[in-house]
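S.K.: Let me give you the structure first, and then I'll get to my questions.
The values are calculated or read from the model by the stated rules, or taken from the named source; none is laboratory data. Remember, it's a predicted structure, so these values are computed and weren't measured experimentally. Note: ideal-geometry Cβ built from the backbone for every residue, glycine included; neighbour counts use all protein chains shown.
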Amino acid sequence: MKSKTSWKDPSRYVKQIHVEESCLDLPYTQEILARAALPYTVIEDRSEPQGIDGIYPDNLNEGKHHLLLCKNRGHFFKPCPGTKEYRCCDYQVLNIGMNCPMDCVYCILQAYLNKPWLTFFVNSDTLLSELEIAFQAEPERFFRIGTGEFTDSMALDRFTGLSKKLVEFMADKKQAVVELKTKSAVIENLEGLEHNGRTVLAWSLNSSPVMKKEEIRTATLEERLQAAKQCADWGYKLAFHFDPIIDHPGWEQGYEETICKLFQMVPAESIVWISMGGLRYLPSLKTIGTERFPGSRIFYQEFIEGLDNKKRYFRPRRVTLYKHIYGLLKRYTSAATVIYFCMESDEIWQEVMGYVPEEKGGIPHMLDNSVA
């Protein structure tokens, strides 16, 4: 159960920083160390932080107290790893780091990763250079970019200030938009920036029982929505993600309450898109999740293996969940807001929404038009 203490800024969970030796003298590293004001150790390049006992994933809770500042020696920028069996939105992933201080029971990263600590890449000049090269290589293409694939976009922003760098970099990029997706309420670095509508601030939402029981060290619903309202007041476009939608006792009322609060607090005309996606997970996540969170019941339901080898609710159950939530969203959303499925089939689109994406040019076209 989540503590009554506010976790609107989950970076407070970090207690120790580790810095690769070659990164220590980088100005950006020094900025982060100064802002964090935490103890730090310098380690050899490509070595592992010390002081984290146990074996993964049992040491994940301890590992989330530790932040490693290092260089990304691979690519920052690449397509979202969707699957051809389901409709993908053609998202482009900007990899800013790995893992996050929050701890959601259903988090797929528990099964994807094999190191318990948090990682943030400090060679931000290379990151921005990769984006510039990609834009110049395809000047006619529109890019929708997100940083929330392997970490939360804003959870460490009090330390990193990366949001400011990205917002300012993207401000004059008419062929692209970046989405910063979070379960935190860390928005202070966004105030007063000339964003020119090239940055979308996004929040993952769920029913209140799920947020309270399954999303540990995350901002409350009210904190997330208040942050979203403030960003709308600053002129940012917004997005929301009901993903994963989780079947639980009282789910109808839970999602209705969340959606009603969303539109009570946030101007509908500021929302460019809302996604829906049912709970899905790698089979190995059930073992990890039930061992780490024995009080959770979300894995103890009927699931079927999908075409992407992930466990999903049976199709009729997904349709029931989707129809209810879609109906609620349509009651309140602006006509310009795109509601879409993340990784679902044409059959689900047709049954729930009454059309398939190709009838409107495809998901990428729909989403691009909402911000282009």
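S.K.: Quick one: in the stretch 29-50, of everything that is assigned to a helix (DSSP H, G or I) and in contact with a strand residue (DSSP E or B) (Cβ under 9 Å, 6 or more places away or on another chain), which residue is surrounded by the most Cβ atoms within 10 Å (Cβ to Cβ)? If you could, list the steps in order and put the result at the bottom.
M.R.: Filtering the stretch 29-50 for residues assigned to a helix (DSSP H, G or I) gives 29-36.
So of that shortlist, the ones also in contact with a strand residue (DSSP E or B) (Cβ under 9 Å, 6 or more places away or on another chain) come out as 29, 32-33, 36.
Working: Thr29: 21, Ile32: 25, Leu33: 17, Ala36: 18.
Checked the stretch 29-50; the qualifying residue surrounded by the most Cβ atoms within 10 Å (Cβ to Cβ) is Ile32.
S.K.: Something else now. Which condition number does Val338 fail, the rest of (1) surrounded by 16 or more Cβ atoms within 10 Å (Cβ to Cβ); (2) of a type outside the set (Asp, Glu); (3) at pLDDT below 95 being met?
M.R.: (3)
S.K.: Right, next: Can you go through Gly289, Gly295 and tell me which one is crowded, with 16+ Cβ neighbours inside 10 Å and not β-branched (Val, Ile, Thr)? Write out each step before concluding.
M.R.: Numbers: Gly295 fails: crowded, with 16+ Cβ neighbours inside 10 Å.
On inspection, the qualifying residue turns out to be Gly289.
S.K.: State all residues of the stretch 51-62 that are of a type outside the set (Gly, Ala, Ser) and loosely packed, with under 14 Cβ neighbours inside 10 Å; if no residue qualifies, say none. So that I can check it myself, show each step before the final result.
M.R.: Here is the first cut: in the stretch 51-62, the residues of a type outside the set (Gly, Ala, Ser) are 52-53, 55-62.
Scanning the stretch 51-62 gives Asp53, Ile55.
S.K.: Are any of the residues in the stretch 268-289 within 21 Å of Ser6 (Cα to Cα), of a type outside the set (Lys, Arg) and not in a strand (DSSP E or B)?
M.R.: No, the stretch 268-289 has no match at all.
S.K.: Given (1) at pLDDT below 95; (2) within 20 Å of Tyr56 (Cβ to Cβ), identify the lone condition not met by Gln92.
M.R.: Every listed condition holds for Gln92 apart from (2).
S.K.: In addition: If Arg331 passes every condition in (1) within 23 Å of Ser204 (Cβ to Cβ); (2) surrounded by 13 or more Cβ atoms within 10 Å (Cβ to Cβ) but one, which one does it miss?
M.R.: (2)
S.K.: Can you name the residue in the stretch 170-188 that is of a type outside the set (D, E, K, R) and surrounded by fewer than 18 Cβ atoms within 10 Å (Cβ to Cβ) and, of all such residues, is nearest to Asp90 (Cα to Cα)? Quick ask: steps written out before the conclusion?
M.R.: Keep residues of the stretch 170-188 that are of a type outside the set (D, E, K, R), which gives 170-171, 175-178, 180, 182, 184-187.
Retained after the next criterion (residues that are surrounded by fewer than 18 Cβ atoms within 10 Å (Cβ to Cβ)): 171, 175.
Values: Ala171: 22, Gln175: 15 Å.
Checking each candidate, the answer is Gln175.
S.K.: From (1) more than 23 Å from the chain's Cα centre (by Cα); (2) part of a loop (DSSP other than H, G, I, E, B), pick out the condition that doesn't hold for Pro316.
M.R.: The one condition Pro316 does not meet is (2).
S.K.: Just to be sure before I move on: is Gly254 surrounded by fewer than 22 Cβ atoms within 10 Å (Cβ to Cβ), of a type in the set (Gly, Ala, Ser) and within 28 Å of Phe169 (Cβ to Cβ) in the structure I sent? Step through it out loud before you land on a result.
M.R.: Values: surrounded by fewer than 22 Cβ atoms within 10 Å (Cβ to Cβ): yes; of a type in the set (Gly, Ala, Ser): yes; within 28 Å of Phe169 (Cβ to Cβ): no.
So Gly254 fails the test.
S.K.: Scanning for something within 18 Å of the chain's Cα centre (by Cα), polar (S, T, N, Q), buried (at least 21 other Cβ atoms within 10 Å of the Cβ) and more than 22 Å from Ile348 (Cβ to Cβ), does the stretch 210-222 turn up at least one residue?
M.R.: Checked against the condition, which is being within 18 Å of the chain's Cα centre (by Cα), polar (S, T, N, Q), buried (at least 21 other Cβ atoms within 10 Å of the Cβ) and more than 22 Å from Ile348 (Cβ to Cβ), the stretch 210-222 yields at least one hit.
S.K.: Conditions first: (1) surrounded by 20 or more Cβ atoms within 10 Å (Cβ to Cβ); (2) over 19 Å from Glu291 (Cα atoms); (3) at pLDDT 95 or above. Tyr106 passes all but one, so which condition is the exception?
M.R.: Going through (1) surrounded by 20 or more Cβ atoms within 10 Å (Cβ to Cβ); (2) over 19 Å from Glu291 (Cα atoms); (3) at pLDDT 95 or above one by one, Tyr106 breaks only (2).
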